[in-house]
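The values are calculated or read from the model by the stated rules, or taken from the named source; none is laboratory data. From a predicted model like this one, the values you see are computed outputs, not experimental measurements. Glycine also receives a Cβ, built like all others from the backbone with ideal geometry; neighbour counts cover every protein chain displayed. The protein model used for the area step is the full one, side chains on, heavy atoms only, and it has no ligands, DNA or RNA in it. Shrake-Rupley method; radii C 1.70, N 1.55, O 1.52, S 1.80 Å.
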Amino acid sequence: MIPNAMEIVVSPLVPWAVVAVLGLLALAAAGLTFQRRARGAALRAVVLALLTLALINPSIIGERREPRDDVVMVAVDRSASQRIGVRDQQTDEALAALQDRLGRLDGLQVKVVTVTDGGLASAATGAGHAGTRLMSSVRQALADVPTGRLAGVIAITDGQVHDLEAVTDPLSAPFHVLLTGTEGERDRRLRTERAPAFGMVGKTVTATVEVIDPAVAPGTPVTMEVRVDGGEPIPYRVPANRLADLELPIDHGGQTILELSVEPGTEELTLQNNRAVVAVNGVRDRLRVLLVSGSPHAGERTWRDILKSDPSVDLVHFTILRPPEKQDGTPIRELSLIAFPVRELFELKLDEFDLIIFDQYRRRGVLPRLYLRNIAEFVEQGGAFLEASGPTFASRLSLARTPLGDVLPAEPTGEVLEYGFKPRVTALGDRHPVTANLAGAGNADTDPIWGRWFRQIDAVGRRGTTVMTGIENRPLLILDRVGEGRVAHLLSDHLWLWSRGYEGGGPQAELLRRTAHWLMREPDLEEDDLRAISDSGSIDIRRRKLEGNAAPVQVTAPDGTVTTVELKEDGSGLATGRLEVTAPGLYRLNDGSKSTLVAVGALNPIEYSDVAATPDLLAPQVDAEGGAIRWLGVDGVPAVRRVGADRTAAGRGWIGLRTNGDYVVTGVLSVPALPAALALIAIIGMLLLVWRRESQ
C-alpha cells in the first residue's frame, strides 16, 4: 500500500514522567562528559540518545485517504406564490442552468430539494396552512449531510418564507438566494386581523380587517363585499392601509361562513388574496321558554322537569289554578303567590321568548283574543309554538276556535278516544330527525316496546308532517312550518305515563327535547338539510330529506373544478357521501335544491398573505453565512466557483461554494521508527566503540 499521508507518532514504553527524568539525567551526563572533554563523549551522548529514543518508541503511521465529494443543496420553492406570473418559468430555467454549471465542477455532489406549501414535496399534500417552510425543509434535507462536506446552499425562491424561526444554528456554509419575480412588485391584499370563533345568534360579531395596498395612500376608501353563507353581498366602505371593524350578522346556530372580498387595486399580482373567509360558530344564548299550563294535572310536572333539566333553557312556567269565572269568595291573597302578568308576557315581552308551550290550555277568559292573535303573529314572524292538547281541545273551549287556530296544523273532530294504544312513528317520522331512531320505536313489522297511552284527541291534520300516530293511525304528533315560524301539535295528554315508567315507559325526554330544539331551529334537527363537514383532508356530506332519494351533489373546489358525489341512503332519510380533497379553501356544494359551503384547511392560507417577491426576509440569514442574493430577472443565473474556507463566497456575477477537502481513511500502515532489535544492536555497537575508544 502506498500511503497518501504519513506522520510519526510515539507510544512511550514507560510513563512520560519516567522518560522525562531519564532524559534529563542523560542530558546532564552528556553535558558533564563534554565539559570534562572526556574521551568518547560524543559516542556516550549518542548511546544515551538511543536509549531515550527507544523508551519513547516512535512509529511511522501511513494513511490511505479517499477524498469525498462536497455536497451543494439546491432548494427549489414550488409553493403557491411561485405560480404567479413568470416565476415558474424563471424557476425552471434557473434550476436547469444551475444543474448544468454544477455538473461541470469536480468533486461536487448536487442535492435538489423541492419545497411545496407546508414543507418538502414528499410530505402530505394540502399543508398550505403553514406557508412556505423553506428553512425547515433545508434543515430536514441536510440531516444526513456531514457539516464537513457541505459546500453551500442555493435557494430558488420569491423570498416569501414563513419559517425563519427554524434557523436555530448556523449552516457553516455559504447560503445564496436566487430571487424570482420582479423587484418592486406591489399587490393589494385583504388581511384579517381579528375574527371571533363564536357569536351569539341574532346578534353581530366584529371582525377587524385591513386592506393593504402600497399603491394607494393610507385612508383611501375602498369597497368591500361580505356574503353570509353564500347569500347576497353586503357592501362596506373601508379605509385602505388601516384597520377597520366590520359588524357581521349571525342569524342561525352552527357554522356561519362569511366571505369577504375587496375590489381589485390598480396593481395586482393575484386576486386570490383579495378574498378572506371567516367561519363563526353561532351559539344561542339561554333559550327562553314560556310554559303555560291550563290547569294542574298529572303530566304538568313532566313538562317542567324535562325543560328544567336542559341547561340551555331558561324556563318561565305559569299554571292557571283558578279561572276568572270561578267565584267562591276566597280572598285574592290566598289564591296565588304572584299575579299572572298577562300584559307583560303576551304584549310587552312576547318577542323575548324563543318558544311558547300551551299545556292543556283552554279558553277561560284568562287570555283575551287580542293576546292569542299576538301569539299567532309571533309564530308567523319566526317564533315557535307547541300545543299539548287535552280533552278540552275537542270542546267548544278549544284553542282551534281562537286566532291560534290559524297556525295550528290540526282541527278537532270533537271526539276524544279513550282506550289503550301504543304511539307509532310514521314512515315520514322514520325520516324526520325529531322521531328518527327513537329507542324502542320498532319498524313496519314490529310493534314499539313502549308503554301504552289511554287518551287521544281526534283531529284532522290540515297541513304539516305527521311524525307519530295513535289509535287507528290517527295523527298524534304533527310538526309544521307557519310563515317564518314553527308549530308542533301533540294530540294527547298521556305523555306523562312514559315518565312514570308505566308498562316500561318510553323515550319521553328525548322526544320532547328533540321537538323543542327542532322548534327552536337546532341545525342538527333540520329535516330538509344539506351539510358538509371537513375532516382530515376530506369532506363528509350529509343530506337529509323527508321524501325521495337524495340527488348527486355537485362540489365546486376553490379553483373552480366541479366534482359530482353520489350519496348513499341509510333508510332513515339521511344520505351520506365523502370526497377526498387536497387543496385548502372554500368548497361550494349544491344538489339542485339545497346549497351549502364548507371550509377545508386554512381559510386564509398564509401562503397568500403576501405574494410580492422580496429579499428582506432572507437577507439576515444570507449575511450571516456570507452568501449573496441575486434577482434572476435582473442578474440572471450567476456563475459558480469553488472557494476556500477563508475566502469570500460571492462576487460580481458569481457565487462561491466552499471546498472542504473532506476524505475517508481506507487503510492504515504502522511501522516502528526504531525497532527493538535494531535499537539493541545500535546501542551495543556504540558501547563497544566507547569501550574501544577509552581503552586506547
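Between His317 and Glu472, what is the FRET efficiency for a Förster distance of 35 Å, r being their Cβ-Cβ separation, to the nearest 0.05?
Result of the calculation: an efficiency of 0.55.
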Gap separating the Cα centres of the stretch 182-258 and the stretch 267-303, nearest whole Å | 23
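Please give the charge dipole size of the chain, origin at the Cα centre, charges +1 on K and R Cβ atoms and -1 on D and E Cβ atoms. Round to the nearest 20 debye.
Numbers: 75 positive and 88 negative charges, 512 e Å.
Around 2460 debye, computed over the chain.
Could you tally the net charge around Leu291, taking each other residue with its Cβ under 14 Å from the Cβ of Leu291, Lys/Arg +1 and Asp/Glu -1? Could you put the intermediate results ahead of the total?
Numbers: positive: Arg288, Arg301, Arg304, Lys308; negative: Glu300, Asp305, Asp310, Asp314, Asp354, Asp359, Glu387.
Combined, the nearby Lys, Arg, Asp and Glu give -3.
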Sum up the charges of everything whose Cβ sits under 13 Å from the Cβ of His317, counting Lys and Arg as +1 and Asp and Glu as -1, but leave His317 out.
-> 0
Nearest 0.05, what FRET efficiency do Gln89 and Glu380 give at R0 = 56 Å with Cβ-Cβ as r?
-> 0.35
How many nm separate the modelled label positions at Met200 and Asp106, each set 7 Å beyond the Cα in the direction of the Cβ?
-> 8.0
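Among DSSP beta bridges whose residues both lie in the chain, state the antiparallel percentage, nearest 5. Walk me through the numbers on the way to the answer.
Details: 98 of 151 bridges.
Antiparallel bridges: around 65 percent, rounded to the nearest 5.
How large is the Rg to Rh ratio of the stretch 345-416 when both quantities use alpha carbon positions and Rh follows Kirkwood? Could the numbers behind the result be given before it?
On the way: Rg = 11.8 Å, Rh = 12.5 Å.
For the stretch 345-416, the value is 0.95.
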If you wrap a convex hull around the Cα atoms of the chain, how much volume per residue is inside, in Å³?
-> 329
Which stretch or stretches of the stretch 640-663 have amide N atoms under 13 Å from the point lying 7 Å from Ala97's Cα along the Cα→Cβ direction?
-> 640, 653-655
Tilt, helix 369-380 to longest principal axis of the chain (alpha-carbon atoms), in degrees rounded to tens, equals 30
Here the relative contact order (percent) of the chain, from C-alpha pairs under 8 Å and at least 6 apart, is 17
Return one number: the angle in degrees, 0 to 90 and rounded to the nearest 10, between the long axis of the Cα atoms of helix 676-695 and the longest principal axis of the Cα atoms of the chain.
-> 30
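Considering only protein heavy atoms, what per residue accessible area in square angstrom results for the stretch 160-285 with a 1.4 angstrom probe? Numbers along the way, then the final one.
Numbers: 5760 Å² over 126 residues.
For the stretch 160-285, the solvent-accessible area averages 46 Å² per residue.
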Full-stretch length increase - Asn437, Thr576 - with 0.36 nm per residue and alpha-carbon distance subtracted = 48.4 nm
Pairwise FRET efficiency - Arg286 versus Leu397, Cβ, R0 = 35 Å, nearest 0.05 | 0.55
Using the Cα gyration tensor of the stretch 200-305, the equivalent ellipsoid's semi-axes, largest first and to the nearest Å, work out to 46, 12, 9
Helix 41-56 axis, angle to the chain major axis (alpha carbon atoms, nearest 10°) = 20
State the percentage of accessible surface on the stretch 475-564 attributable to carbon and sulfur atoms; use a 1.4 Å probe and exclude ligands, DNA and RNA.
-> 44
Reported to two decimal places, what Rg/Rh ratio describes the stretch 367-485 when computed on Cα atoms with Rh from the Kirkwood expression?
-> 1.00
For the stretch 396-408, just list the computed ³J(HN,Hα) in residue order, Karplus coefficients 6.51, -1.76 and 1.60, θ = phi - 60°, integers in Hz, with x standing in for Gly and Pro.
-> 5, 8, 5, 5, 5, 9, 10, x, 5, x, 5, 9, 6
Under the 7 Å Cα-to-Cβ spin-label approximation, Ile449 and Val634 lie apart by a distance in nanometres of 8.0
Could you give the distance between the Cα centres of the stretch 60-94 and the stretch 539-616, to the whole Å?
-> 39
Rounded to a whole number, the Stokes-Einstein D of the stretch 554-640 in µm²/s (Kirkwood radius over Cα pairs; 37 °C; 0.692 mPa s) is 186
Tell me the label-point distance for the pair Val562, Ile60, using the 7 Å Cα-to-Cβ offset, in nm and rounded to one decimal.
-> 8.7
Contour minus end-to-end for Ala217 and Trp654, with contour as 0.36 nm per residue of separation and end-to-end as the Cα-Cα distance?
-> 153.4 nm
Reduced Cα scattering model of the stretch 423-558, Debye log10 I(q)/I(0), q = 0.18 Å⁻¹ | -1.06
Once the dipole of the chain is set up from charges on Cβ (+1 Lys and Arg, -1 Asp and Glu), the residue from the list Tyr371, Ile629, His252 lying farthest towards its positive end is Ile629
So, counting K/R as plus one and D/E as minus one, what does the shell of residues with Cβ under 12 Å around Thr204 add up to?
-> -2
May I ask you to rank Tyr502, Tyr608, Tyr371 by accessible area, largest first, using a 1.4 Å probe over the protein chains only?
-> Tyr502, Tyr608, Tyr371
Under 5 Å, built H, 5+ apart or other chain: amide partners of Leu657 = Arg641, Arg642, Val643
17 Å cut-off, amide nitrogen to a point 7 angstrom out along Ala298 Cα→Cβ, residues in the stretch 374-391 | 389-391
Across every pair of different alpha-carbon atoms, what Kirkwood hydrodynamic radius in Å does the stretch 90-248 reach?
-> 19.8
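Subtract the Cα-Cα distance of Ser172 and Ser538 from 0.36 nm times their separation in residues, and report this length gain in nm to one decimal.
On the way: separation 366, 0.36 × 366 = 131.76 nm, distance 4.25 nm.
That pair, Ser172 and Ser538, stretches by 127.5 nm at full extension.
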